[in-house]
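Report on one structure; see the data block that follows.
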Amino acid sequence: MSLENELLKLALTIAHSAGDLLVNRPASWDLTVKSTAIDIATQMDHASEKLIVDAILSARPDDGIIGEEGAARTSTSGITWVIDPVDGTVNYFYGLPGWNISIAAKDSNGTIVGVVHAPTIGSTWHASRGGGAFLNGVRIECNDPVELNRALISTGFAYDVKDRAHQLEIIDRLVPQIRDIRRMGAAATDLCCVATGMVDGYVETGLKEWDLAAGSLIAVEAGAVVTTHTWRGLELTVAAGPLLHAQLRSQIPG
């Protein structure tokens with residue numbers, strides 16, 4: 001088995017195990033406040049991260065780890081795992097669908113494999129570098145070409161509320177020109193929806209490596225363009241098919 005296939009098989013197995021853990025939502029919540037009062041983690045975020053890290057290191061003890069909830073380990077193998085144990089914690093906390101487990105593995109050249117498993121919507125996306133993108137085992141492609149005036153765009157909003165005024169400028173610019181806006185509540189799910197053609201594009205600021213690693217690879221392998229650049233001191237991510245991506249970038253206010 002190639003290294004790529006080994007990593008992908010491991011990521012898929014672990015993502016499903018974490019999903020099985022998380023679908024049994026607790027009767028009460030132990031909340032941790034992170035960057036702001038509305039940026040939270042639950043005991044299940046921590047339990048999922050522990051399950052994922054333990055499983056990775058049991059199989060590959062020399063690999064590195066970057067985890068949203070604090071797991072950190074330097075790689076001696078050349079492979080580092082980037083994990084979000086519950087992407088969309090607010091959805092998870094409220095009992096809304098679409099939250100996911102995001103697991104990626106990278107080397108010095110970037111992400112090798114990515115898995116996004118969203119149990120509540122029966123969806124498991126995966127991709128390998130140069131190997132295409134898949135939803136539940138079926139190959140997927142993003143929508144392209146799509147003109148701006150026919151585009152369905154997903155987005156999200158920052159946990160730091162002072163950044164939302166800048167984000168709203170983008171929405172104000174786009175809404176009169178596009179088909180409509182959707183708000184999924186989980187960045188990796190948004191990126192995978194672009195990959196699948198469930199939305200045409202995605203715009204959001206403030207995403208971290210664990211938000212982007214798996215979903216970006218899946219979107220790119222499905223034919224999308226995914227970029228992140230600094231805008232007004234924020235990191236702005238735009239994902240869409242090539243034609244729409246260029247049009248979205250052109251509409252971002254200065």
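Quick notes on this one:
- Taking a point 7 Å out from the Cα of S35 in the direction of its Cβ, the residues of the stretch 203-222 whose backbone N falls within less than 15 Å of it are 204-213.
- Dipole of the stretch 172-254, positive end: most advanced residue of L234, L217, G185 [Cβ charges, Cα centre]: L234
- With kT/(6 pi eta Rh) evaluated at 20 °C and eta = 1.002 mPa s, and Rh the Kirkwood radius from Cα pairs, the chain diffuses with a coefficient of 118 µm²/s according to Stokes-Einstein.
- Angle between the chain longest axis and helix 242-251 axis [Cα atoms, degrees, rounded to 10]: 60 degrees
- Among I40, I140, I66: highest mean-square fluctuation, GNM of the chain, C-alpha pairs under 10 Å: I40
- Compactness ratio for the stretch 148-251: Cα radius of gyration over 2.2 N^0.38 Å (N = residue count) comes to 0.95.
- Per-pair calculated FRET efficiency, R0 = 35 Å: T230 and L3 via Cβ, rounded to 0.05: 0.55
- Nearest 10 degrees, 0 to 90: helix 43-59 Cα axis against the chain principal axis: 60 degrees
- Highest-fluctuation residue, A214, A27, A195 considered, GNM on the chain with Cα pairs under 10 Å: A27
- Rounded to 10°, Cα long-axis angle of helix 187-196 versus longest principal axis of the chain: 70 degrees
- FRET efficiency, Q177 to S108 (Cβ-Cβ, R0 30 Å, nearest 0.05): 0.15
- The stretch 192-254, relative contact order in percent, only Cα pairs under 8 angstrom and at least six apart counted: 36 percent
- Max mean-square fluctuation residue, GNM over the chain, Cα-Cα springs under 10 Å, options A71, A213, A105: A71
- Enclosed volume per residue, in Å³, of the convex hull spanned by Cα atoms of the stretch 1-79: 100 Å³
- Mean Cα-pair separation over length for the stretch 3-139, i.e. relative contact order, pairs under 8 Å, 6 or more apart, %: 20 percent
- The chain: relative contact order in percent, alpha carbon pairs under 8 Å with at least 6 residues between: 17 percent
Throughout, read-outs are computed from the coordinates displayed, never taken from laboratory work. The shown structure was predicted, so the numbers you read here are calculated from the model rather than taken from an experiment. Please note: Cβ atoms are built from the backbone with ideal geometry, for glycine as well, and neighbour counts cover all protein chains shown.
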